[in-house]
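Single-structure report; data block below.
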Amino acid sequence: MSLALVTGATSGIGRAFARHLARAHHDLIVVARTRHRLEELAEDLKRESGVRVEILPADLSTAEGCRSVEDRLAAPPFVDLLVNNAGIMLREPFPYTRDADEERLLAVNVRAVLRLTHAALPVMIERETGRIVNVASFSAHGSGGLATTYPASKSWVLAFSEAVGRSAGVRRAGVGIMALLPGFTRTELHERSGIDLTGLPRWMWLDADRVADAALRDL
């Protein structure tokens, strides 16, 4: 049975990934900031699918949080699939945000993706097996009307995934890297960020379960 690690696993697309992977009989390591939400998720997944679930509370906006997940990725049993899903969005346009908030966004959306991918890849290359999904956004191709640095961070995720995924060592080892670019998806991200998107028509919204299902099928 293979092992998958999902960040931002307690809500939205991350939770959908965890549920789909559990139903496909993958054991899981679920990562998020809040222990009690991880414990609730783990119990649900065990009850529904009978898989083993390890919880790893970590704040990926901090170096310490990243390091705890990096250490787990470097230790057996090794992860066969890494889903870098954790991300944050800011409400205010760039000229009106605080430097500390911008740096936190970059820490989660960029630095954590870089560091966790960097931790997982050497093991995958050595074992000649493994997959990485980096969750970006349709806004990686353009701002989509957002006047924040969120699209820029997701553009980095896309460019990074393409560049690393096409490198000779990764391809020779048979390791796959995919950037996932969902559109507007019903998750807690917008609510936590205080962004009001109620004016968007219903047809523009995606369902997180369908996003995760399509991503895993394509992967």
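Looking only at segment 187-219, residues that are under 30 Å from Ala119 (Cα atoms), over 15 Å from the mean Cα position of the chain (by Cα) and at pLDDT below 90 come to 3 in all.
What residue, among those in segment 55-73 that are among the hydroxyl-bearing types (Ser, Thr, Tyr) and in a loop (DSSP other than H, G, I, E, B), is surrounded by the most Cβ atoms within 10 Å (Cβ to Cβ)? My answer is Ser61.
Do you know which of the residues in segment 122-136 that are at negative phi and in contact with a Leu (Cβ under 9 Å, 6 or more places away or on another chain) is surrounded by the most Cβ atoms within 10 Å (Cβ to Cβ)? Per the criteria, the residue is Val135.
Considering only residues of segment 122-138 that are at pLDDT 95 or above and part of a helix (DSSP H, G or I), which is nearest to Ala208 (Cα to Cα)? Ranking the qualifying residues of segment 122-138, first place goes to Met124.
Among the residues of segment 1-54 satisfying the criterion of being of a type in the set (Lys, Arg) and assigned to a helix (DSSP H, G or I), which is nearest to the chain's Cα centre (by Cα)? Talk me through it step by step, then tell me what you get.
Pass one, segment 1-54, residues of a type in the set (Lys, Arg): 15, 19, 23, 33, 35, 37, 46-47, 52.
Subsequent filtering for residues that are assigned to a helix (DSSP H, G or I) retains 15, 19, 23, 35, 37, 46-47.
On the way: Arg15: 10, Arg19: 14, Arg23: 19, Arg35: 18, Arg37: 17, Lys46: 21, Arg47: 24 Å.
Restricting to residues being of a type in the set (Lys, Arg) and assigned to a helix (DSSP H, G or I), the top hit is Arg15.
Within 16 Å of the chain's Cα centre (by Cα), in a strand (DSSP E or B) and at pLDDT 95 or above: which single residue out of Ala107, Ala179, Ala112, Ala119 fits that description? When all the criteria are applied, what remains is Ala179.
The values are calculated or read from the model by the stated rules, or taken from the named source; none is laboratory data. Since the model is a prediction, treat every value here as computed from it, not as a measurement. Cβ coordinates were reconstructed from backbone atoms using ideal geometry, including for glycine residues, and neighbour counts include every protein chain displayed.
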